[in-house]
Amino acid sequence: MKLERLEIAFEGPVARVWLNRPDVRNAFDGLMVTELRKTLFDLRTVDAIRVIVLGGRGPTFCAGADLQWMRAMAAFTREENLREAQAMADLFFTVYESPKPIVTRVHGAALGGGAGLVAASDIPVAALGTQFGFTEVRLGLLPAVISPYVVRKIGESAARELFLTGERFEAVRAVEIGLVRAAVPEEDLDATVERRVAELLSAGPRAAAEAKALIREVAFRRIEDVQEYTVERIADVRTSPEGQEGMRAFLEKRKPHWSQ
Ligand code: COA
């Protein structure tokens with residue numbers, strides 16, 4: 001697929017995906033939604049790729065949905081509106097459940113759906129001074145399809161405040177509420193991202209994917225209801241080739257084969 005809205009670079013086990021529409025601060029329209037979703041979906045089955053870094057070209061990470069595009073939706077039928085909204089929801093779910101860990105490299109601004117991409121990803125790292133916000137209500141809109149991911153990350157209390165006011169807030173606050181994992185000076189952003197990537201590469205590839213699925217299954221469920229599942233997961237994983245190799249490598253005082 002020829003990409004018009006993204007730029008992708010492969011470096012060994014890392015895929016770097018850049019939102020590439022800097023003229024409108026990487027606001028996403030239907031084409032960007034399609035390209036990003038397909039790219040992330042296709043990467044699921046590429047064994048050689050083990051970590052994805054998502055960033056934005058130009059001065060900002062992502063200004064959310066393209067408001068020209070959203071505005072033009074008034075001329076579309078309800079069915080067409082539902083289809084487009086579903087495509088957006090599918091994109092956030094694809095980020096959320098990607099078996100490859102996703103590090104988001106956030107700078108400039110992450111607003112609306114841009115903050116939604118941050119929330120749906122695994123390890124967001126932001127430059128100090130980045131502007132965050134769920135600005136939708138100020139536009140008469142709603143942070144609808146991103147809300148499940150955001151509320152999971154920041155909780156209902158912060159969501160009530162930030163969704164209802166639409167206020168903008170800085171990276172330090174984003175760390176405090178759990179939206180991003182770290183806020184660092186902009187000049188340290190790439191080095192911080194690379195450190196996170198290196199740490200992710202020390203994980204067994206299957207174990208990393210399983211760990212993501214585990215969190216998804218156990219979050220917000222009664223312990224009694226997930227116990228059987230957790231028992232099955234560890235019983236399966238410790239006898240798997242990857243689990244065996246990881247434990248053998250530790251006992252033999254060497255690196256496991258995926259870490260070399
Ligand atoms: N949709 C469509 N176009 C957008 C956009 C969006 N979400 N965000 C920015 N743009 C466009 C601007 O209209 C402007 O276009 P122009 O050059 O034709 O005037 C261009 O991108 C640059 O924006 P500008 O505001 O001048 O850039 P900036 O670097 O000073 O500020 C932002 C960047 C992201 C902080 C600012 O553009 C902004 O607040 N955007 C709105 C984001 C938002 O509320 N998103 C939620 C959507 S639900």
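The values are calculated or read from the model by the stated rules, or taken from the named source; none is laboratory data. For clarity, every value in this text was computed on a predicted model and none was experimentally measured. Heads up, the Cβs are rebuilt from the backbone with ideal geometry, glycines too, and the neighbour counts pull from every protein chain shown. To get the accessible areas, we keep the full protein, side chains included, count just its heavy atoms, and leave off ligands, DNA and RNA. Shrake-Rupley method; radii C 1.70, N 1.55, O 1.52, S 1.80 Å.
Here are a few things to note about the model shown:
- Leading residue at positive end of dipole, the stretch 8-162 (Cβ point charges), from Thr94, Leu31, Ile52: Ile52
- The chain: angle of helix 189-201 to the longest principal axis, Cα-based, in degrees nearest 10: 40
- The chain: calculated mean residue ellipticity at 222 nm from DSSP helix runs of at least 4, using -39500 (n - 2.57): -15000 deg cm²/dmol
- Cα shape, the stretch 156-216, gyration tensor, a/c 1.5 rule: oblate
- Listed residues Ile123, Ile8 arranged by accessible area, highest first, probe 1.4 Å: Ile8, Ile123
- Crossing angle, helix 241-251 versus the chain [Cα axis fit, 0-90 degrees, rounded to tens]: 60
- FRET efficiency, 1/(1 + (r/R0)^6) with R0 25 Å, evaluated for Ala144 and Gln227 via beta carbons: 0.15
- Peptides 158-165, 23-30, 101-108, 131-138 ranked from most to least packed by the mean count of surrounding Cβ atoms within 10 Å: 101-108, 131-138, 23-30, 158-165.
- The HN-Hα couplings worked out from phi for the stretch 252-258 by the Karplus form 6.51 cos²θ - 1.76 cosθ + 1.60 (θ = phi - 60°) are 8, 6, 9, 7, x, 4, 6 Hz, whole numbers, x standing for Gly and Pro.
- Taking a ≥ b ≥ c as the square roots of the eigenvalues of the Cα gyration tensor, an a/c ratio of 1.5 or more together with a/b larger than b/c marks the stretch 1-120 as prolate.
- Net lengthening on full extension, Leu31/Ala74 (0.36 nm per residue, minus Cα-Cα): 13.7 nm
- Evaluated at q = 0.07, 0.09, 0.12 Å⁻¹: base-10 log I(q)/I(0), Debye formula over Cα of the chain: -0.26, -0.43, -0.75
- Each Lys and Arg contributes +1 and each Asp and Glu -1, all at the Cβ; summed about the Cα centre of the chain, the dipole is approximately 200 debye.
- Alpha-carbon centroid distance for the pair the stretch 141-165 / the stretch 181-207, whole angstrom: 26
- Taking one quarter of the surface of the C-alpha convex hull of the stretch 128-260 gives a mean projected area of 11.0 nm².
- Lys, Arg +1 and Asp, Glu -1 on Cβ, resulting dipole of the stretch 162-260 about Cα centre, debye, nearest 20: 320
- At full extension, Leu251 and Glu217 could sit 9.2 nm farther apart than now, given 0.36 nm per residue minus the alpha carbon distance.
- The stretch 152-260 - percent relative contact order, Cα under 8 Å, separation 6 or more: 22
- Relative contact order of the chain, taken over Cα pairs closer than 8 Å and 6 or more residues apart, is 15 percent.
- Charge dipole of the stretch 106-197 about the Cα centre (unit charges at C-beta), most positive-ward option of Pro124, Ala171, Ala159: Ala159
- Residues whose amide H lies under 5 Å from that of Ala65, counting only those 5 or more places away or on a different chain, are Phe28, Gly113, Gly114; hydrogens are built 1.01 Å from N in the peptide plane.
- The stretch 76-101-the stretch 209-260 distance, computed between alpha-carbon centres (Å): 30
- Protection proxy ranking of 221-230, 112-121 - average other beta-carbon atoms within 10 Å, highest first: 112-121, 221-230
- Prolate/oblate/rounded label for the stretch 44-191 (Cα gyration tensor, a/c 1.5): oblate
- Principal axis analysis of the Cα atoms in the stretch 191-260 yields extents of 38, 32, 14 Å, listed in decreasing size.
- On Cα atoms only, tilt of 205-218 relative to the major axis of the chain in degrees: 60
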